[in-house]
Amino acid sequence: MEEAASKRLMDKNVKEDNGSRETVKEWEMSPASINSSICLLRGKIYDAMDNRPLATSSYKEALKLDVYCFEAFDLLTSHHMLTAQEEKDFLDSLPLSQQCTEEEVELLRFLFENKLKKYNKPSEMVVPDIVNGLQDNLDVVVSLAERHYYNCDFKMCYSLTSMVMVKDPFHANCLPVHIGTLVELSKANELFYLSHKLVDLYPSNPVSWFAVGCYYLMVGHKNEHARRYLSKATTLERTYGPAWIAYGHSFAVESEHDQAMAAYFTAAQLMKGCHLPMLYIGLEYGLTNNPKLAERFFSQALSIAPEDPFVIHEVAVVAFQNGDYKTAEKLFLDAMDKIKAIGNEVTVDKWEPLLNNLGHVCRKLKKYEQALEYHRQALVLIPQNASTYSAIGYVHSLMGDFESAIDYFHTALGLKRDDTFSVTMLGHCIEMYISDSDAYIGTDIKDKVRKTLSTPALMKMLNTSSDGNESRAQPVEEVNVCLETPSFNADKQTDAFQRFLLECDMHESDMMLETSMSDTST
């Protein structure tokens, strides 16, 4: 074999010396392809050295030298090295027409765009006529599933990835998307079975331990186990971004904000073109009362994924905290429209915080009826939520309906006994209800007494009463005197209600906006 190989090399050198073009046909390698391979190798070396900017430029150079260098293109897209706009600009700059025939240009552009447009709305796939059967190709289906995932259509994404997993149980590009979808849809048993199969067959692959870590993260109260397996995934491949995001989640659920942000920052450096690390960094800054930095990171996430309803929701939360209620209402409604555009495929627990927050904004804008409507819709989705009952009770108290407010605050405290806001507001509402009820009963008595005094028989009895009975008639006169001064009581009630509203404003800080719409995305 060695002699045959050396003879072939010698023949190649002879042909090169003679200027023959048979070399290209025999070895099927042009100088541009060789240079492209060198650039690809250089990019991998930079990647191993954690130098992402130089690795990205090397991969881009490799593609420009040879547009057929799919490995460079796959590394750019799978590691999220470019933002959506950078991907679009780079695709337009590729010399496809110079290196390909007209038919190949159409095919390559279709394949490239199909992998790049993950943040675009999922639409009917238009396949070029020259490759009519390509719509059933597994890589094309996975790209479509990823687009559904980033547009929050998790059930459609699950159906596509499940179809791929049946045909190819260990499709490398499909596995991270499929695992993330199982987490979003809370399919713990299926994820448990998949992770065990992966660990048995591919113990040195980071996606296997990523699946195990996601399972422990999903079942709850197993965060230490989740960190152990996710750490193993990042040890096997330090540039595996999804494992870093899940690693940050394991700290975030325990309110370990600093360590969670450290993991998210690592993911952000590794996944420049993915909006999720920026979104979660912003969430952590928001939870640590740093709205300025939170807003900055949310803006970066919004620039990467402008159609993502979860990012829009978090930007609206920051606007609410800054007191810009009109902007917050507009953004919340925008997020609602985008969720409705997806259809009925969004899981119900993703809707509930958005509806409650819309209720909070409408309450701030004095739109009490709309606020009640949004809170009731949230209550339909998750019936046993104490904060929703508390919010409904608060709106009723602001409308002066203290009886309904007391009922809702009692229900909220039945679900969550240590709810400080509900305890405080319940006390105030009972006080206002007692004073309001006294005034109401007094008015009722006044009417009854007037009707009774108008009867001739009673008037005759009172006029002919003895001196001994005069003391017995005195309470009726006192009642009559009290009932003749309703205007004074009304003013007193108005003052009390104003004081009640001031106390509500003081205690309103206990009612926090919900920012849990995007807490487990992997």
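What the table below lists for this structure:
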| quantity | calculated |
| --- | --- |
| Selection count where residues are among the β-branched types (V, I, T) and in contact with a Lys or Arg (Cβ under 8 Å, 6 or more places away or on another chain), scope the range 40-55 | 0 |
| Odd one out for K115 among (1) modelled with pLDDT of 75 or more; (2) open to solvent by less than 70 Å² (accessible area, probe 1.4 Å); (3) within 23 Å of Q269 (Cβ to Cβ); (4) not polar (S, T, N, Q) | (1) |
| Counted residues, the range 342-363 - those being modelled with pLDDT under 90, over 16 Å from the mean Cα position of the chain (by Cα) and assigned to a helix (DSSP H, G or I) | 0 |
| Residue in the range 144-195 that is farthest from C274 (Cα to Cα), counting only those that are buried (at least 23 other Cβ atoms within 10 Å of the Cβ) and touching a Cys at 6+ places or on another chain (Cβ under 6 Å) | T161 |
| Residue match in the range 200-207 (condition: open to solvent by 50 Å² or more (accessible area, probe 1.4 Å) and among the acidic types (D, E)) | yes |
| Verdict on A391 being touching a helix residue (DSSP H, G or I) at 6+ places or on another chain (Cβ under 6 Å), in a helix (DSSP H, G or I) and without any contact (Cβ under 8 Å) to a residue 60 or more places away in the chain | no |
| Condition check for L82: assigned to a helix (DSSP H, G or I), surrounded by 16 or more Cβ atoms within 10 Å (Cβ to Cβ) and modelled with pLDDT under 85 | no |
| Matching entry among H375, H360 (being crowded, with 22+ Cβ neighbours inside 10 Å and free of Cβ contacts under 8 Å to residues at least 40 places away in the same chain) | H375 |
| Condition met for E314 (buried (at least 24 other Cβ atoms within 10 Å of the Cβ), of a type outside the set (S, T, Y) and either touching a residue at least 40 places away in the same chain (Cβ under 8 Å) or not in a helix (DSSP H, G or I) (or both)) | yes |
| Residue list for the range 86-110, filter: open to solvent by 60 Å² or more (accessible area, probe 1.4 Å) and touching a residue at least 12 places away in the same chain (Cβ under 8 Å) | E86, K88, Q99, E103, E106, R109 |
| Cross-chain or 6+ apart pairs with Cβ under 6 Å, the range 63-75 first and in contact (Cβ under 8 Å) with a residue 40 or more places away in the chain, then open to solvent by 40 Å² or more (accessible area, probe 1.4 Å) | V67/Q99 |
| Verdict on V140 being exposed (fewer than 15 other Cβ atoms within 10 Å of the Cβ) and free of Cβ contacts under 8 Å to residues at least 60 places away in the same chain | no |
| Filtered residue count, the range 381-399, keeping only those that are of a type outside the set (A, V, I, L, M, F, W, C) and touching a Phe, Trp or Tyr at 6+ places or on another chain (Cβ under 7 Å) | 4 |
| Considering residues of the range 20-65 that are outside any helix (DSSP H, G or I) and either modelled with pLDDT of 85 or more or open to solvent by 60 Å² or more (accessible area, probe 1.4 Å) (or both) only, the residue farthest from K272 (Cα to Cα) | R21 |
| In the range 253-293, residue most open to solvent (accessible area, probe 1.4 Å) [restricted to those that are farther than 22 Å from E87 by Cα and in a loop (DSSP other than H, G, I, E, B)] | N289 |
| Cβ-Cβ under 6 Å pairs, at least 6 apart or on other chains, the range 394-422 side within 19 Å of Q384 (Cβ to Cβ), far side open to solvent by 60 Å² or more (accessible area, probe 1.4 Å) and acidic (D, E) | F421/D510 |
| Test: residue in the range 175-189 that is assigned to a helix (DSSP H, G or I) and over 21 Å from V142 (Cα atoms) | yes |
| Yes/no for K326 being open to solvent by 70 Å² or more (accessible area, probe 1.4 Å), assigned to a helix (DSSP H, G or I), more than 22 Å from Q269 (Cα to Cα) and not small (G, A, S) | yes |
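Okay, residues lined up against (1) within 28 Å of K222 (Cα to Cα); (2) free of Cβ contacts under 8 Å to residues at least 24 places away in the same chain:
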site: T235; (1), (2): yes, yes
site: G241; (1), (2): yes, no
site: C274; (1), (2): yes, no
site: E284; (1), (2): yes, no
site: P291; (1), (2): no, no
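The values are calculated or read from the model by the stated rules, or taken from the named source; none is laboratory data. Keep in mind it's a predicted model, so treat the numbers as computed, not measured. We place every Cβ from the backbone using ideal geometry, glycine too, and count neighbours over all the protein chains shown. Heavy atoms of the whole protein, side chains included, go into the accessibility calculation; ligands, DNA and RNA do not. Shrake-Rupley method; radii C 1.70, N 1.55, O 1.52, S 1.80 Å.
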